[in-house]
Amino acid sequence: MKLASLRVVPLVAAAVLAAGCSSLNPFASDKPKPAPLAEFKPSAELVQLWRADIGESGPYLFEPAVVGDSVYAAGEDGDVARFEGGRTVWRVDADTRLSAGVGASRNLAVVVTASGVAIAYGADDGSERWRSNIGAEVLAQPAVDGDLVVLRASDNRLIALNARDGSRRWIYQRANPPLALRNFSGVLLEGNVVLAGFPGGKLVVINSVNGGAITELSVANPRGSTELERVADVAGTPVAGRREVCAVTYQGRMTCFDTSNGNALWTRDFSSSVGMDRDARFAVATDDRDAVHALDVYSGASVWKQDALARRAVSRPLIVGDHIVVGDIEGYVHALDRDSGAFSARSRAGDGPLSAAPRPFGRGFVVQGRDGTVAAYELR
């Protein structure tokens with residue numbers, strides 16, 4: 001079945017942490033010290049356009065949402081805000097702890113409480129529109145588009161709500177392997193399909209109208225003799241172009257598929273717990289040793305590897321023009337030259353780790369740190 005309706009959209013980028021596994025948890029106390037920052041001659045400038053504060057993330061992973069010129073952000077303590085040009089358009093208090101957010105459209109901004117209740121606010125004025133009890137823990141950023149809100153529960157169920165009133169539309173559930181990563185990865189909602197990665201290396205295309213599976217693609221097949229060795233979860237949100245959809249797994253592979261027939265265009269052995277990005281030339285991903293890789297998007301051939309950020313808990317990469325940007329555990333934003341992988345610029349956004357993926361914003365990007373910093377940048 002054709003998947004041709006998929007196209008390039010702002011990525012809901014997300015991090016994945018293994019419960020109880022310090023090798024995947026950048027905040028574990030027994031982690032080795034981060035590699036020292038490499039010296040380099042800047043070839044570009046990271047210009048901070050504005051900076052705001054939304055409150056700390058606590059044990060959760062909050063990602064900003066970008067809609068036009070507006071940035072929406074939330075923190076664990078319950079603050080939700082809309083920023084525009086660094087100005088606070090509105091700010092509300094959910095009066096409860098939050099575990100996920102923000103998902104936003106031109107009409108709604110959606111967050112989820114630690115007790116599993118989705119709250120929708122009007123994008124224009126921050127007024128509460130509805131609350132819906134999900135009955136499950138939600139860690140991933142909600143996906144909001146048109147009349148649909150899709151939430152990913154931590155048990156990997158997808159729960160779709162009516163964006164008008166929060167009523168339940170459908171639930172998608174599939175069998176999970178015995179062991180999986182604690183999943184902060186969102187889903188890609190575009191038009192009539194929902195694209196979601198699952199434990200066991202599966203990428204599923206779901207009908208957004210009724211929640212039925214359209215097709216299932218194998219990004220990677222679990223390998224190994226123990227359940228731990230066989231963990232091969234899709235990391236981060238899949239990325240889609242006009243003719244390809246790509247995804248990467250932990251302890252598995254990076255694979256790009258032809259959207260017209262679902263056949264694999266290429267596949268490479270790879271392991272990532274944070275995810276990837278792509279453009280018309282490159283597929284880029286951060287591996288589980290914090291090295292950033294660029295591969296040819298048409299063949300999967302290696303182009304370059306930047307491994308000077310070892311043990312710095314590097315985020316999912318984002319391609320911004322001629323550069324690739326990532327965040328690290330000390331709050332630094334690193335810009336790499338897209339063609340060579342060499343460092344081109346660096347800036348410190350805040351004191352907390354930049355675990356959430358950078359999000360496209362105008363001609364630049366926006367980041368949110370675990371200390372509550374929300375900062376917008378341009379590369380010049």
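The values are calculated or read from the model by the stated rules, or taken from the named source; none is laboratory data. If you're wondering where the values come from, they're calculated on a predicted model, not measured in any experiment. Cβ sites come from the backbone with ideal geometry, for glycine too, and all protein chains shown count toward neighbours. With ligands, DNA and RNA removed, areas are computed over all heavy atoms of the protein, side chains included. Shrake-Rupley method; radii C 1.70, N 1.55, O 1.52, S 1.80 Å.
Here is a yes/no grid of residues against (1) over 17 Å from Gly55 (Cα atoms); (2) modelled with pLDDT under 95; (3) basic (Lys, Arg):
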site: Gly85; (1), (2), (3): yes, yes, no
site: Thr88; (1), (2), (3): no, no, no
site: Val102; (1), (2), (3): no, no, no
site: Ser105; (1), (2), (3): yes, no, no
site: Leu108; (1), (2), (3): yes, no, no
site: Ser127; (1), (2), (3): yes, no, no
Inset, instruction - For region 243-263, state whether one or more residues are in a strand (DSSP E or B), in contact with a strand residue (DSSP E or B) (Cβ under 8 Å, 6 or more places away or on another chain), open to solvent by 20 Å² or more (accessible area, probe 1.4 Å) and among the small types (Gly, Ala, Ser). - result: no
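Matching residues to (1) closer than 21 Å to Asn210 by Cα; (2) touching a Lys or Arg at 6+ places or on another chain (Cβ under 7 Å):
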| position | (1), (2) |
| --- | --- |
| Val89 | no, yes |
| Asp95 | no, no |
| Val102 | no, no |
| Ala114 | no, yes |
| Arg129 | no, no |
| Arg157 | yes, no |
| Arg168 | yes, no |
| Arg174 | yes, no |
| Phe184 | no, no |
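Within the group Asn207, Asn192, Asn183, Asn133, which residue is polar (S, T, N, Q), open to solvent by 20 Å² or more (accessible area, probe 1.4 Å) and in contact (Cβ under 8 Å) with a residue 24 or more places away in the chain?
Being polar (S, T, N, Q), open to solvent by 20 Å² or more (accessible area, probe 1.4 Å) and in contact (Cβ under 8 Å) with a residue 24 or more places away in the chain holds for just one of Asn207, Asn192, Asn183, Asn133, which is Asn192.
This table checks each residue for (1) under 23 Å from Gly146 (Cα atoms); (2) of a type in the set (A, V, I, L, M); (3) touching a His at 6+ places or on another chain (Cβ under 6 Å); (4) assigned to a loop (DSSP other than H, G, I, E, B).
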position: Arg164; (1), (2), (3), (4): yes, no, no, yes
position: Arg169; (1), (2), (3), (4): yes, no, no, no
position: Arg174; (1), (2), (3), (4): no, no, no, yes
position: Pro177; (1), (2), (3), (4): no, no, no, yes
position: Ala180; (1), (2), (3), (4): no, yes, no, yes
position: Gly186; (1), (2), (3), (4): yes, no, no, yes
position: Ala196; (1), (2), (3), (4): yes, yes, no, no
Legend entry - Residue list for region 346-363, restricted to those being surrounded by fewer than 24 Cβ atoms within 10 Å (Cβ to Cβ) and over 20 Å from Arg281 (Cβ atoms): Arg346, Ser347, Arg348, Gly350, Asp351, Gly352, Pro353, Arg359, Phe361, Gly362
Inset, instruction - From the list Ala357, Ala345, Ala308, pick out the single residue that is in a loop (DSSP other than H, G, I, E, B) and more than 19 Å from the chain's Cα centre (by Cα). - result: Ala308
